[in-house]
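For reference, the structure is listed below as structure tokens.
Just so you know, all these numbers are worked out from the coordinates, no wet-lab data involved. Source: prediction; values computed, not measured. Here the Cβ positions follow ideal geometry from the backbone for every residue, glycine too, while neighbour counts run over all protein chains shown.
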Amino acid sequence: MHTDLREIIRCPACHARLVAAAPERLECSECEAVYPVYDGTPWLYRDVAGSRAQWAAKLQQFRTELLEDHVELEAAGHAEGLLPATRDRLARQKAGLVRLGEQVFGLLECFALAHSEAGGALPRERIPSQQHVSSYLETVFRDWCWGDEEVRETLAKLEPLLGTSGEGARALVLGGGGGRLSFELARRGKYSSVVQLDLNPLLTRIGQRVARGETIELTEIPRFPLGIEHVAVDQRLRAPAASDVAASPLHFLLGDALASPFARESFDLLLTPWLIDILPESFRRVARRLGGLLVAGGRWISFGPLSFESVGPEDRLTPEEMNEALEEAGFEVEHAALERVSYLHTPHGMARRGEEIFVFSATLREPPPIEDDFAFYPEWMTDGTQAIPNSPAFEQMRAERTFDVEILKCIDGRASIEDLVVTLSSRFGLEPDRCRNIINRFFTRSVDGS
């Protein structure tokens with residue numbers, strides 16, 4: 001490991017020091033946990049086997065979806081009466097999907113994610129279900145292909161907030177994805193090291209390889225292409241020509257921000273681009289947890305939307321509440337503003353999104369108390385010997401599923417919805433209109449889901 005990284009990296013399970021036992025693995029000095037290193041990328045999830053199993057399952061899901069799309073396009077291409085242009089478009093889409101699949105599996109080959117790893121025991125670490133292998137893949141084209149204008153727009157908003165950095169200062173980017181922001185930060189040469197931690201092995205792999213000067217071929221498939229020639233575009237991802245090598249050491253790590261593999265008070269700058277609203281923990285706790293990674297006087301710069309879809313209504317904060325939460329966590333807010341930015345303006349697609357984002361810069365007055373490790377699941381799930389609580393949510397689910405099963409039993413190829421209403425309203429003592437609404441919702445879910 002790089003000397004600077006060796007000083008701050010820690011076991012995410014017990015927080016002890018890690019030792020580089022060999023180029024392909026790190027070992028904990030106390031709990032004997034082993035963390036693999038894949039072509040220079042440490043896999044620092046707290047639960048190595050569980051996280052690998054989930055990403056292996058997500059990779060197989062990606063493969064299955066590609067095959068299903070391929071079958072659908074193949075069938076559509078053989079339909080009678082197609083316009084010549086339609087036949088051309090379908091053929092381009094099908095060929096583009098094949099190329100993309102081969103490229104993605106090639107990029108992930110070093111991680112050796114096997115189908116046999118998927119499944120098994122409930123993992124201690126939970127990769128969010130909405131995070132897939134190809135999640136945010138369009139951002140790598142923005143980062144390394146056609147998005148220089150968006151990158152400059154972002155940097156123009158960040159530059160005034162960065163301030164000065166003293167000798168030996170370190171920077172951490174949490175959720176850096178394809179890596180362009182981390183790369184630009186390292187290019188400036190103002191830090192002893194720049195570290196990026198992200199969940200996604202595909203985005204991390206692309207960012208790592210491009211940042212070290214490689215060129216990656218990847219097929220872009222816009223959702224709403226401008227024309228037939230834009231349906232599947234073969235792109236070359238590479239760093240800006242005048243800056244193939246970053247001035248400060250740049251390290252790409254895989255892991256989870258809520259189970260950090262870093263020592264407390266390790267960084268002078270923390271950047272969280274488009275991250276805080278997708279974490280499954282309240283921002284008030286996130287602020288204390290991430291504040292523990294900064295030295296006193298360290299700066300946290302964050303930007304992105306405040307959608308907070310993964311937490312309860314009390315934690316879906318507004319900008320005013322964000323400022324209060326930061327002050328509560330020991331930060332002094334220096335800048336907080338809503339900004340309008342361009343978002344993923346690919347030259348090959350019709351989508352031209354603009355996003356309203358919240359930008360803040362805050363300085364830590366003093367490190368907050370240590371937060372307990374984040375628990376992704378309750379103990380009765382991770383400890384299979386504990387009793388499962390009979391909660392009201394399970395009772396409601398039981399009632400709903402029971403009625404769904406009864407609906408399915410009535411489907412025999414002859415009965416109509418009105419027949420089901422008569423049968424089930426009598427069986428369960430329901431008013432016909434209420435029974436009809438329940439049955440209609442059942443079939444609506446079924447059709448929408450398919």
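Checking (1) 25.1, 79; (2) 23.2, 71; (3) 32.7, 113 against Rg and Dmax of the Cα atoms in Å calculated from these atoms, the matching label is (1).
When SER192, SER426, SER51 are arranged by Cβ crowding within 10 Å, least crowded first, meaning fewest neighbours, the order is SER426, SER192, SER51. Residues considered: GLN196, GLN208, GLN93. Largest GNM mean-square fluctuation over the chain, using C-alpha springs under 10 Å, is found at GLN93. Applying the Karplus relation 6.51 cos²θ - 1.76 cosθ + 1.60 with θ = phi - 60° to region 359-366 yields 3J(HN,Hα) values of 10, 9, 10, 9, 9, 7, 6, 7 Hz, where x marks Gly and Pro. Here each label is just a point 7 Å from Cα along the line to Cβ, and for ALA49 and HIS70 those points are 3.3 nm apart.
Using Cα-Cα distances under 8 Å and only pairs 6 or more residues apart, what relative contact order does region 293-430 have, in percent? About 24 percent, as a whole number.
In plain terms, the chain from THR444 to ILE370 could stretch by 21.9 nm, reckoned as 0.36 nm per residue minus the Cα-Cα distance. One chain, two ends: HIS2 and GLU229. Fully extended at 0.36 nm per residue, the span grows by 77.2 nm beyond their Cα-Cα distance. Applying the criteria of a DSSP loop state and at most 16 other Cβ atoms within 10 Å to the GluC sites (Glu not before Pro) of region 172-236 yields GLU214. With neighbour counts taken as other beta-carbon atoms within 10 Å, the residues HIS78, HIS348 rank, fewest first, as HIS78, HIS348. When the GluC sites (Glu not before Pro) in region 28-79 are filtered for DSSP coil states and for at most 14 other beta-carbon atoms within 10 Å of their beta-carbon, the remaining sites are GLU30, GLU32. Charges were assigned to the Cβ only: +1 to each Lys and Arg, -1 to each Asp and Glu. The resulting dipole of the chain about its Cα centre is roughly 660 debye.
Here ALA399 and GLU355 are evaluated by their C-beta separation; at R0 = 41 Å the FRET efficiency comes out at 0.50.
Two numbers describe the Cα atoms of region 128-170: Rg and Dmax, which are 15.2, 41 Å. Using C-alpha pairs under 8 Å with a sequence gap of at least 6, the mean separation divided by the residue count of region 48-364 gives a relative contact order of 16 percent.
Which FRET efficiency, nearest 0.05, do SER307 and THR423 yield, Cβ-Cβ r, R0 35 Å? It would help to have the intermediate numbers written out before the result.
Numbers: r = 43 Å, r/R0 = 1.24.
So, using R0 = 35 Å, E works out to roughly 0.20.
Once both axes come from the Cα atoms, what is the angle between helix 319-328 and the longest principal axis of the chain, in degrees from 0 to 90, rounded to 10? Helix 319-328 and the main axis of the chain meet at about 50 degrees.
What number comes out for the charge environment of GLU355, summing +1 per Lys or Arg and -1 per Asp or Glu over other residues with Cβ under 12 Å away? Don't jump to the answer; show the numbers that get you there.
Numbers: positive: ARG340, ARG352, ARG353; negative: GLU150, GLU153, ASP277, GLU339, GLU356.
Spelling it out: positives minus negatives among the neighbours equals -2.
For GLY176, the amide hydrogen comes within under 5 Å of the amide hydrogens of LEU197, counting only partners 5 or more places away or on other chains and with H modelled in the peptide plane.
How much net charge surrounds LEU364 when only the other residues with a Cβ under 13 Å from the Cβ of LEU364 are counted, with Lys and Arg +1 and Asp and Glu -1? Mind dumping the intermediate values first?
On the way: positive: ARG264, ARG288, ARG289, ARG299, ARG365; negative: GLU265, ASP268, GLU327, GLU328, GLU332, GLU334, GLU366.
Neighbourhood net charge equals -2.
Counting other Cβ atoms within 10 Å as a rough exposure proxy, the listed residues LYS409, LYS157 run LYS409, LYS157 from fewest neighbours to most.
Electrostatic bookkeeping for ALA247 treats Lys and Arg as +1 and Asp and Glu as -1; over the other residues with beta carbon under 9 Å from its beta carbon, the sum is +3. Using a 4.7 Å Cβ-Cβ cutoff, the cysteines of the chain lacking any partner cysteine are CYS110, CYS145, CYS410, CYS435.
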